[in-house]
Amino acid sequence: MNVSDYDFDLPESLIAQTPLLERTSSRLLALNRINGKIEHRAFTDLAEFLKPGDTLVVNDTRVLPARLFGFKADTGAKVELLLLKRLEGDRWEALVRPGKKIHKGAKLSFGLAEKPDGTTEQENLVPLLSAFVEEEGEMGSRVIRFEYEGIFNELLDKLGQMPLPPYIKESLDDRERYQTVYSRHEGSAAAPTAGLHFTDEFLDRLQSEGVKLCRITLHVGLGTFRPVSAETIEEHEMHAEWYSVSEESAKLLNEAKASGGKIVAVGTTSARTLETVGQRFRDQPIESCNGWTDIFIFPGYEFTMVDALLTNFHLPKSTLVMLVSALAGRENVLNAYREAVEEQYRFFSFGDAMYIY
């Protein structure tokens, strides 16, 4: 299959630059994956599509303030570091800029603090966080080892910025607007954006109407969102991401499968985790588990867990457009996207929502 088959025209003016004032005030395009029928609704109309016994599966990962700006220790040249995933201890996989000038052995410095003697001249300041490049990878990726005093996450919170996607040019005044209200476990380089539409109040309403809430975790890496560079889909390789399913969540999923209620994935990250778990246990009861997944879902894939999907509108030629096409059919999805453009929906991370059922 050709990657170009998943391209579409999108006016830049439709790329949402800032979140709406109210999380639940976005629009909802509802797509029936069987007959291709499209409805234009408000996000809170999602409640009309859910029934008692349905299970809403959310990804409770939390985004790290993973973008760091600093300088090379030897030349003072400016550098940018984007943390993708922790490998072990203080070693991380990261993207660096400028990639052509940062090689194995380089030392990078972030944040400056006074030395104990109180001197403040720049040459006498010490970095709060130092990073050493241990390995070089493709497309600007590096393995970084950090050295510091204190608690790493506190330093990251102090020095780091939210890793907003490059198509968002506006600054974000409130960091929490790039977090879901149910986020718990820090570790993502990007938000599971379909969940940004929910408020605690709306989730409470759904649960009061008999919808169950199931939490799983997948720490999102940037590989999920990158456009596919290969010409054919089969040539593309996904980056591995870490997932976890608790005993309580495994029980909820087993109950949903047994009762016949719909399993509704909130976002493609939840969908990929669910399908990873479905393949892992196949026809056996699901158990609590964790591990790494590089599952790549594209048309021809047969879903084992996901019955319906709440998602945002995605980048042309991305693996995410291919995933939703696997669920709803390529023609149905591209037709829905064309209509979304005509109806001036907001696209991407801070954009409107789409419900495929």
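The values are calculated or read from the model by the stated rules, or taken from the named source; none is laboratory data. As the structure is a prediction and not an experimental result, all values here were calculated from the model. Cβ sites come from the backbone with ideal geometry, for glycine too, and all protein chains shown count toward neighbours. All accessible areas refer to the heavy atoms of the entire protein, side chains included, with ligands and DNA or RNA removed. Shrake-Rupley method; radii C 1.70, N 1.55, O 1.52, S 1.80 Å.
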Report task. At 1.4 Å probe size, with no ligands or nucleic acids counted, give the accessible surface of residue 219 in Å², nearest ten. Result -> 40 Å²
Query raised in the report: Between Rg and the Kirkwood Rh of the chain, both from Cα atoms, what is the Rg to Rh ratio?
Result: 0.99
Query - Model label zone, residue 344; criterion: amide N under 12 Å from point 7 Å along Cα-to-beta-carbon; scope the stretch 11-55 - result: 14
Query raised in the report: Can you put 349, 25 in order of accessible area, largest first, using a 1.4 Å probe?
Result: 25, 349
Query raised in the report: How large is the Kirkwood hydrodynamic radius of the stretch 67-161, in angstrom, based on all distinct alpha carbon pairs?
Result: 13.5 Å
Query raised in the report: Roughly how large, in nm² to one decimal, is the mean projection of the convex hull of the alpha-carbon atoms in the stretch 134-201?
Result: 6.8 nm²
Requested in this report: Express the carbon and sulfur contribution to the solvent-accessible surface of the chain as a percent, rounded to the nearest whole number, probe 1.4 angstrom.
Outcome: 46 percent
Query raised in the report: Cα centroid distance between the stretch 283-357 and the stretch 155-202, in Å?
Result: 20 Å
Query raised in the report: How would 148, 301, 182 line up by accessible area, probe 1.4 Å, largest first?
Result: 148, 301, 182
Report task. Mind checking the stretch 134-224 for trypsin sites (Lys or Arg not before Pro) that DSSP puts in a loop (not H, G, I, E or B) and that have at most 13 other Cβ atoms within 10 Å? Result -> 169, 184
Report summary line: In terms of the charge dipole of the chain, which places +1 on Lys and Arg and -1 on Asp and Glu at the beta carbon, the residue among 11, 65, 286 farthest towards the positive end is 11
Query raised in the report: Helix 319-328 versus the longest principal axis of the chain: what is the Cα-based angle in degrees, 0 to 90, to the nearest 10?
Result: 10 degrees
Report task. Measure off 7 Å from each Cα along the Cα-to-Cβ vector at residue 294 and residue 71, then give the distance between these two points in nanometres to one decimal. Result -> 3.9 nm
Report summary line: Counting only DSSP beta bridges with both partners in the chain, the antiparallel fraction in percent, to the nearest 5, comes to 75 percent
Query - Solvent accessible area, Å² - residue 88, 1.4 Å probe, full protein context - result: 90 Å²
**Report entry** Of every Cα-Cα pair in the stretch 184-253, the percent that sits beyond 16 Å
**Finding:** 64 percent
Report summary line: Summing -39500 (n - 2.57) over every DSSP H run of at least 4 residues in the chain and dividing by its residue count gives a helix-only mean residue ellipticity at 222 nm, to the nearest 500 deg cm²/dmol, of -6000 deg cm²/dmol
Requested in this report: Can you find, among 92, 137, 151, the residue farthest towards the positive end of the dipole of the stretch 67-161? Put +1 on the C-beta of Lys and Arg, -1 on that of Asp and Glu.
Outcome: 137
Requested in this report: Any chance you could run the full-extension gain for residue 38 through residue 205? It's 0.36 nm times the residue separation minus the Cα-Cα distance, nm to one decimal.
Outcome: 57.6 nm
Requested in this report: Kindly report, to the nearest 10 Å², the accessible surface of residue 38 as traced by a 1.4 Å probe over protein heavy atoms only.
Outcome: 40 Å²
Query - Max mean-square fluctuation residue, GNM over the chain, Cα-Cα springs under 10 Å, options 288, 244, 109 - result: 288
